[in-house]
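Take a look at the structure set out below.
Read-outs: derived from the displayed coordinates by stated rules, not from any lab. Note that the structure is a prediction, hence the values are computed from the model and not measured. A quick note on method: Cβ atoms are made from the backbone with ideal geometry, for glycine too, and the neighbour counts reach across all protein chains shown.
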């Protein structure tokens with residue numbers, strides 16, 4: 001990162017006004033949209049030689065992802081009753097996955113720690129790093145992950161990002177973001193359990209329960 005111009009946005013964010021935050025996140029949203037404009041041949045994780053474990057559709061890919069994470073949830077001590085509710089809830093909303101027809105490049109870790117901006121004056125985007133989690137999938141999944149950690153006080157960031165992304169082109173985009181947020185929560189629950197941060201699991205369990 002020292003070879004790219006600028007500083008990590010996270011280091012500047014606390015000093016920026018709401019207007020500046022809206023503007024830089026709008027620029028980020030427009031950049032994310034350009035990333036998502038890149039199409040690929042199949043859905044799945046991206047490795048050094050293309051898409052790994054390729055899936056023919058977003059529905060097939062996300063069903064496999066939820067199934068894998070729900071199995072891990074149970075293995076790591078998650079509530080079986082909640083797992084069953086989650087599985088039923090996702091199955092009932094499969095049509096939301098089916099709406100994504102074309103696999104598109106997703107950064108899938110697009111936040112202030114992975115974005116570089118100018119170090120002085122009004123922030124301007126200078127670089128994007130950490131494509132380790134890059135995925136060939138639904139752009140709405142990328143947006144859901146980018147919005148995941150925002151709180152109510154982050155409204156300028158959220159509004160800016162969505163403004164930069166532009167029209168979603170799908171009438172059920174908000175419901176779809178909610179379904180992808182559920183997946184992000186399940187993914188985070190499994191990660192926290194894996195690294196031993198059990199104190200974080202109660203809140204994440206509540207969020208999962210509220211998402212079904």
Inset, instruction - Among the residues of the stretch 151-191, write down those that are loosely packed, with under 15 Cβ neighbours inside 10 Å and closer than 19 Å to residue 210 by Cβ. - result: 151, 152, 174, 175, 178
Legend entry - Qualifying residue in the stretch 113-121 (condition: more than 16 Å from the chain's Cα centre (by Cα), over 12 Å from residue 8 (Cβ atoms), assigned to a helix (DSSP H, G or I) and free of Cβ contacts under 8 Å to residues at least 12 places away in the same chain): no
Legend entry - Members of the stretch 13-51 that are more than 20 Å from residue 164 (Cα to Cα) and either within 19 Å of the chain's Cα centre (by Cα) or surrounded by 13 or more Cβ atoms within 10 Å (Cβ to Cβ) (or both): 40, 42, 43, 44, 45, 46, 47, 51
Inset, instruction - For residue 20, work out the one condition from (1) closer than 26 Å to residue 99 by Cβ; (2) out of contact with any helix residue (DSSP H, G or I) (no Cβ under 7 Å at 6 or more places or on another chain) it doesn't fulfil. - result: (1)
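Quick test for you: out of 152, 139, pick the one residue that is touching a strand residue (DSSP E or B) at 6+ places or on another chain (Cβ under 8 Å) and over 20 Å from residue 87 (Cα atoms).
Exactly one residue qualifies, and that residue is 139.
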Inset, instruction - Would you mind telling me which numbered condition in (1) under 18 Å from the mean Cα position of the chain (by Cα); (2) at negative phi; (3) not in a helix (DSSP H, G or I) residue 108 fails? - result: (2)
Inset, instruction - Check 185, 205, 126, 176 and return the single one that is touching a residue at least 12 places away in the same chain (Cβ under 8 Å) and assigned to a strand (DSSP E or B). - result: 126
